[in-house]
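Q: Input: one structure, supplied below.
The values are calculated or read from the model by the stated rules, or taken from the named source; none is laboratory data. Owing to the predicted nature of the structure, the values given are computational and were not obtained by experimental measurement. Cβ atoms come from the backbone with ideal geometry, glycine included; neighbour counts cover every protein chain shown. To get the accessible areas, we keep the full protein, side chains included, count just its heavy atoms, and leave off ligands, DNA and RNA. Shrake-Rupley method; radii C 1.70, N 1.55, O 1.52, S 1.80 Å.
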Amino acid sequence: MGKLIIFEGLDGSGKGTQTELACQSLRQKGYDPLKITFPDYESESSALVKMYLSGQFGQKPDDVNAYAASTFYAVDRYASYKTSWGSAYRSNSLIISDRYTTSNAVHQCSKLPPMHWDGFLEWLFDFEYKKLGLPAPDAVIYLAVDPDVSQRLIAERYNGDQTKMDIQEKDTEYLARSRAAAEYCARKLGWKRIECTTVADGVKTIRSVEDIHAEVLAYLESLV
Ligand SMILES: Nc1ncnc2c1ncn2[C@@H]1O[C@H](COP(=O)(O)OP(=O)(O)OP(=O)(O)O)[C@@H](O)[C@H]1O
Ligand SMILES: [Mg+2]
(Lines give C-alpha, C1' and ligand atoms only; values in the text may rest on other atoms or scores of the structure.)
(Ligands and ions follow the chains in the order given, each with its own letter.)
Protein backbone atom coordinates (compact mmCIF):
# COMPACT_ATOMS: atom_id res chain seq x y z
CA MET A 1 0.00 0.00 0.00
CA GLY A 2 1.04 3.56 -0.60
CA LYS A 3 1.33 6.44 1.79
CA LEU A 4 -1.47 8.94 2.38
CA ILE A 5 -0.66 12.29 3.94
CA ILE A 6 -3.36 14.87 4.65
CA PHE A 7 -3.33 18.65 5.01
CA GLU A 8 -6.09 19.73 7.37
CA GLY A 9 -7.12 23.05 8.86
CA LEU A 10 -10.00 25.46 9.14
CA ASP A 11 -11.35 27.31 6.11
CA GLY A 12 -8.72 29.64 4.69
CA SER A 13 -5.86 28.18 6.74
CA GLY A 14 -3.63 27.64 3.71
CA LYS A 15 -4.28 23.96 2.96
CA GLY A 16 -4.41 24.43 -0.81
CA THR A 17 -1.32 26.62 -0.82
CA GLN A 18 0.73 24.28 1.37
CA THR A 19 -0.42 21.08 -0.37
CA GLU A 20 0.72 22.45 -3.72
CA LEU A 21 4.07 23.67 -2.37
CA ALA A 22 4.69 20.39 -0.58
CA CYS A 23 4.13 18.46 -3.82
CA GLN A 24 6.42 20.81 -5.75
CA SER A 25 9.24 20.46 -3.22
CA LEU A 26 8.88 16.69 -2.98
CA ARG A 27 9.07 16.46 -6.78
CA GLN A 28 12.29 18.48 -6.74
CA LYS A 29 13.65 15.97 -4.26
CA GLY A 30 12.87 13.07 -6.57
CA TYR A 31 9.58 11.86 -5.13
CA ASP A 32 6.49 11.46 -7.25
CA PRO A 33 3.54 12.58 -5.13
CA LEU A 34 -0.01 12.50 -6.44
CA LYS A 35 -1.99 15.52 -5.26
CA ILE A 36 -5.69 15.09 -4.53
CA THR A 37 -8.25 17.58 -3.18
CA PHE A 38 -11.56 17.29 -1.38
CA PRO A 39 -14.33 18.06 -2.02
CA ASP A 40 -13.75 16.96 -5.62
CA TYR A 41 -15.66 19.91 -7.10
CA GLU A 42 -14.74 18.87 -10.65
CA SER A 43 -16.71 15.66 -10.21
CA GLU A 44 -20.44 15.04 -10.15
CA SER A 45 -19.80 13.15 -6.93
CA SER A 46 -19.65 16.48 -5.10
CA ALA A 47 -23.26 17.34 -6.01
CA LEU A 48 -24.63 16.91 -2.49
CA VAL A 49 -21.73 18.85 -0.98
CA LYS A 50 -22.50 21.71 -3.37
CA MET A 51 -26.19 21.62 -2.49
CA TYR A 52 -25.29 21.68 1.22
CA LEU A 53 -22.73 24.51 0.97
CA SER A 54 -24.98 26.64 -1.19
CA GLY A 55 -27.76 26.38 1.39
CA GLN A 56 -30.24 24.16 -0.44
CA PHE A 57 -30.81 22.11 2.72
CA GLY A 58 -30.89 25.17 4.99
CA GLN A 59 -29.07 28.46 5.38
CA LYS A 60 -26.97 27.42 8.39
CA PRO A 61 -24.46 24.55 8.65
CA ASP A 62 -26.44 23.29 11.67
CA ASP A 63 -29.49 22.75 9.45
CA VAL A 64 -27.86 19.51 8.26
CA ASN A 65 -26.82 17.25 11.10
CA ALA A 66 -23.27 15.98 11.55
CA TYR A 67 -24.03 12.46 10.31
CA ALA A 68 -26.00 13.48 7.21
CA ALA A 69 -23.44 16.11 6.15
CA SER A 70 -20.60 13.62 6.70
CA THR A 71 -22.16 11.17 4.25
CA PHE A 72 -22.15 13.79 1.45
CA TYR A 73 -18.38 14.27 1.80
CA ALA A 74 -17.70 10.57 2.35
CA VAL A 75 -19.37 9.39 -0.88
CA ASP A 76 -17.46 12.06 -2.82
CA ARG A 77 -14.24 10.54 -1.45
CA TYR A 78 -15.43 7.04 -2.28
CA ALA A 79 -16.11 8.07 -5.89
CA SER A 80 -12.68 9.60 -6.36
CA TYR A 81 -10.97 6.64 -4.67
CA LYS A 82 -12.69 4.27 -7.10
CA THR A 83 -12.22 6.32 -10.25
CA SER A 84 -9.01 8.20 -9.71
CA TRP A 85 -6.40 7.51 -7.01
CA GLY A 86 -7.26 4.11 -5.53
CA SER A 87 -5.10 2.11 -7.93
CA ALA A 88 -2.13 4.46 -7.46
CA TYR A 89 -2.49 4.11 -3.69
CA ARG A 90 -2.59 0.31 -3.91
CA SER A 91 0.53 0.29 -6.04
CA ASN A 92 2.57 2.15 -3.46
CA SER A 93 2.21 5.77 -4.54
CA LEU A 94 2.64 8.72 -2.27
CA ILE A 95 -0.67 10.58 -2.11
CA ILE A 96 -0.92 14.08 -0.66
CA SER A 97 -4.42 15.29 0.02
CA ASP A 98 -5.89 18.73 0.65
CA ARG A 99 -8.58 17.68 3.22
CA TYR A 100 -9.95 14.19 3.83
CA THR A 101 -12.15 12.34 6.33
CA THR A 102 -10.41 14.58 8.87
CA SER A 103 -12.47 17.52 7.54
CA ASN A 104 -15.63 15.70 8.60
CA ALA A 105 -14.02 15.30 12.01
CA VAL A 106 -13.34 19.03 12.28
CA HIS A 107 -16.45 20.49 10.66
CA GLN A 108 -19.07 18.03 11.84
CA CYS A 109 -17.95 17.48 15.45
CA SER A 110 -18.55 21.19 15.81
CA LYS A 111 -22.29 20.59 15.35
CA LEU A 112 -22.39 18.31 18.37
CA PRO A 113 -21.82 18.98 22.07
CA PRO A 114 -18.25 18.03 23.08
CA MET A 115 -19.52 15.07 25.13
CA HIS A 116 -20.63 13.46 21.84
CA TRP A 117 -17.39 14.06 19.92
CA ASP A 118 -15.73 10.74 20.76
CA GLY A 119 -18.83 8.79 19.74
CA PHE A 120 -19.10 10.72 16.49
CA LEU A 121 -15.42 10.19 15.64
CA GLU A 122 -15.74 6.48 16.30
CA TRP A 123 -18.75 6.33 13.96
CA LEU A 124 -17.00 8.44 11.30
CA PHE A 125 -13.78 6.43 11.12
CA ASP A 126 -15.69 3.14 11.18
CA PHE A 127 -17.93 4.41 8.34
CA GLU A 128 -15.22 5.80 6.03
CA TYR A 129 -12.22 3.58 6.75
CA LYS A 130 -13.96 0.27 7.53
CA LYS A 131 -17.42 0.23 5.94
CA LEU A 132 -16.57 2.25 2.80
CA GLY A 133 -13.04 0.85 2.74
CA LEU A 134 -11.21 4.13 2.21
CA PRO A 135 -7.59 4.12 3.38
CA ALA A 136 -6.83 5.72 6.73
CA PRO A 137 -4.14 8.41 6.51
CA ASP A 138 -0.56 7.76 7.56
CA ALA A 139 -0.16 11.31 8.81
CA VAL A 140 -2.23 14.47 9.17
CA ILE A 141 -0.65 17.92 9.09
CA TYR A 142 -2.93 20.37 10.89
CA LEU A 143 -2.38 24.01 9.92
CA ALA A 144 -3.49 25.84 13.05
CA VAL A 145 -4.61 29.39 12.27
CA ASP A 146 -6.44 31.68 14.64
CA PRO A 147 -10.03 31.94 13.32
CA ASP A 148 -9.90 35.77 13.23
CA VAL A 149 -6.89 35.57 10.94
CA SER A 150 -8.31 32.91 8.61
CA GLN A 151 -11.58 34.86 8.42
CA ARG A 152 -9.58 37.86 7.25
CA LEU A 153 -7.84 35.75 4.58
CA ILE A 154 -11.19 34.44 3.33
CA ALA A 155 -12.62 37.97 3.20
CA GLU A 156 -9.56 39.15 1.24
CA ARG A 157 -9.93 36.26 -1.18
CA TYR A 158 -13.50 37.30 -1.92
CA ASN A 159 -12.55 40.99 -1.91
CA GLY A 160 -15.00 41.54 0.95
CA ASP A 161 -17.96 40.23 -1.08
CA GLN A 162 -19.89 38.23 1.55
CA THR A 163 -22.30 36.83 -1.04
CA LYS A 164 -19.52 34.65 -2.45
CA MET A 165 -19.02 32.83 0.86
CA ASP A 166 -20.54 29.41 1.44
CA ILE A 167 -22.82 28.75 4.44
CA GLN A 168 -19.91 27.54 6.59
CA GLU A 169 -17.64 30.47 5.78
CA LYS A 170 -20.40 32.98 6.65
CA ASP A 171 -21.07 31.55 10.09
CA THR A 172 -18.37 32.89 12.43
CA GLU A 173 -19.85 31.22 15.50
CA TYR A 174 -19.74 27.89 13.69
CA LEU A 175 -16.12 28.54 12.69
CA ALA A 176 -15.19 29.19 16.32
CA ARG A 177 -16.74 25.84 17.30
CA SER A 178 -14.86 24.19 14.42
CA ARG A 179 -11.63 25.61 15.81
CA ALA A 180 -12.31 23.99 19.19
CA ALA A 181 -13.15 20.71 17.46
CA ALA A 182 -9.98 20.89 15.33
CA GLU A 183 -7.79 21.45 18.37
CA TYR A 184 -9.47 18.53 20.13
CA CYS A 185 -9.05 16.21 17.13
CA ALA A 186 -5.41 17.20 16.67
CA ARG A 187 -4.63 16.27 20.29
CA LYS A 188 -6.73 13.12 20.41
CA LEU A 189 -5.71 11.76 17.02
CA GLY A 190 -2.02 12.70 17.10
CA TRP A 191 -2.06 15.13 14.18
CA LYS A 192 1.11 17.12 13.48
CA ARG A 193 0.07 20.61 14.60
CA ILE A 194 1.81 23.47 12.84
CA GLU A 195 1.16 26.83 14.45
CA CYS A 196 0.63 29.26 11.60
CA THR A 197 -0.43 32.30 13.62
CA THR A 198 2.11 34.82 14.77
CA VAL A 199 2.00 38.34 16.19
CA ALA A 200 3.57 41.21 14.26
CA ASP A 201 3.43 44.76 15.67
CA GLY A 202 0.83 43.62 18.17
CA VAL A 203 -1.49 42.29 15.46
CA LYS A 204 -2.29 38.61 15.02
CA THR A 205 -1.34 37.51 11.56
CA ILE A 206 -0.39 34.41 9.57
CA ARG A 207 3.25 33.32 9.21
CA SER A 208 4.65 33.64 5.71
CA VAL A 209 3.86 30.92 3.19
CA GLU A 210 7.58 30.06 2.90
CA ASP A 211 8.09 29.89 6.66
CA ILE A 212 5.18 27.47 7.12
CA HIS A 213 6.30 25.46 4.10
CA ALA A 214 9.81 25.02 5.55
CA GLU A 215 8.36 23.53 8.74
CA VAL A 216 5.98 21.34 6.75
CA LEU A 217 8.78 20.08 4.52
CA ALA A 218 11.02 19.16 7.44
CA TYR A 219 8.20 17.06 8.83
CA LEU A 220 7.35 15.49 5.45
CA GLU A 221 10.95 14.46 4.93
CA SER A 222 10.79 12.53 8.18
CA LEU A 223 7.82 10.60 6.80
CA VAL A 224 8.53 9.79 3.15
N1 LIG B 1 0.85 32.01 4.88
C2 LIG B 1 0.03 32.79 4.17
N3 LIG B 1 0.15 34.13 4.23
C4 LIG B 1 -0.69 34.94 3.54
N5 LIG B 1 -1.68 34.51 2.76
C6 LIG B 1 -1.86 33.19 2.66
C7 LIG B 1 -1.02 32.26 3.36
N8 LIG B 1 -1.43 31.00 3.07
C9 LIG B 1 -2.48 31.15 2.23
N10 LIG B 1 -2.74 32.45 1.98
C11 LIG B 1 -3.83 33.01 1.16
O12 LIG B 1 -5.01 32.84 1.94
C13 LIG B 1 -6.07 32.36 1.13
C14 LIG B 1 -6.49 30.98 1.62
O15 LIG B 1 -5.45 30.06 1.34
P16 LIG B 1 -5.77 28.62 0.76
O17 LIG B 1 -6.75 28.69 -0.35
O18 LIG B 1 -4.47 27.94 0.53
O19 LIG B 1 -6.47 28.01 2.06
P20 LIG B 1 -7.43 26.77 2.18
O21 LIG B 1 -7.18 26.26 3.56
O22 LIG B 1 -7.20 25.82 1.06
O23 LIG B 1 -8.84 27.47 2.07
P24 LIG B 1 -10.28 26.75 1.92
O25 LIG B 1 -10.55 26.11 3.26
O26 LIG B 1 -11.20 27.87 1.65
O27 LIG B 1 -10.15 25.76 0.81
C28 LIG B 1 -5.56 32.37 -0.30
O29 LIG B 1 -5.93 33.57 -0.88
C30 LIG B 1 -4.05 32.25 -0.13
O31 LIG B 1 -3.35 32.83 -1.19
MG1 LIG C 1 -8.65 25.10 -0.28
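Q: For the stretch 24-44, which positions are more than 14 Å from ligand 2 (Cβ to nearest atom) and of a type outside the set (S, T, N, Q)? It would help to see each step written out before you state the result.
A: Residues of the stretch 24-44 more than 14 Å from ligand 2 (Cβ to nearest atom): 24-34, 43-44.
L26, R27, K29, G30, Y31, D32, P33, L34, E44 - these are the residues of the stretch 24-44 that are more than 14 Å from ligand 2 (Cβ to nearest atom) and of a type outside the set (S, T, N, Q).
Q: Now for a separate question. Filter the helices (runs of 4 or more DSSP H) completely within the stretch 123-202 down to those with at least 1 residues that are small (G, A, S).
A: In the stretch 123-202, 147-157, 172-189 are the helices (runs of 4 or more DSSP H) which contain 1 or more residues that are small (G, A, S).
Q: Right, next: Considering the stretch 66-105 alone, what residues qualify as being basic (K, R) and away from ligand 2 (no atom under 16 Å from the Cβ)?
A: K82, R90, listed by residue number.
Q: Turning to a different aspect of this structure: Being touching a strand residue (DSSP E or B) at 6+ places or on another chain (Cβ under 9 Å), among the charged types (D, E, K, R) and either open to solvent by 60 Å² or more (accessible area, probe 1.4 Å) or in contact (Cβ under 8 Å) with a residue 60 or more places away in the chain (or both) is the filter here; which residues of the stretch 182-224 pass it?
A: Correct list: R187, K192, R193, E195, K204, D211, E215.
Q: Would you check which residues across the stretch 1-12 are open to solvent by 40 Å² or more (accessible area, probe 1.4 Å) and either part of a loop (DSSP other than H, G, I, E, B) or within 12 Å of ligand 1 (Cβ to nearest atom) (or both) and list them?
A: Selection gives M1 alone.
Q: Working carefully through the options K35, K60, find the one that is in contact with a strand residue (DSSP E or B) (Cβ under 7 Å, 6 or more places away or on another chain) and among the basic types (K, R).
A: K35
Q: Does E169 qualify as being under 30 Å from S87 (Cα atoms) and among the acidic types (D, E)?
A: On the way: under 30 Å from S87 (Cα atoms): no; among the acidic types (D, E): yes.
Judged against the criteria, E169 is not a match.
Q: Next up: Which residue, of K164, K130, is basic (K, R) and either within 16 Å of ligand 2 (Cβ to nearest atom) or on the phi > 0 side of the Ramachandran plot (or both)?
A: K164
Q: While we're on this one: Mind counting the residues in the stretch 132-143 that are under 15 Å from the mean Cα position of the chain (by Cα) and surrounded by 19 or more Cβ atoms within 10 Å (Cβ to Cβ)?
A: Count: 5.
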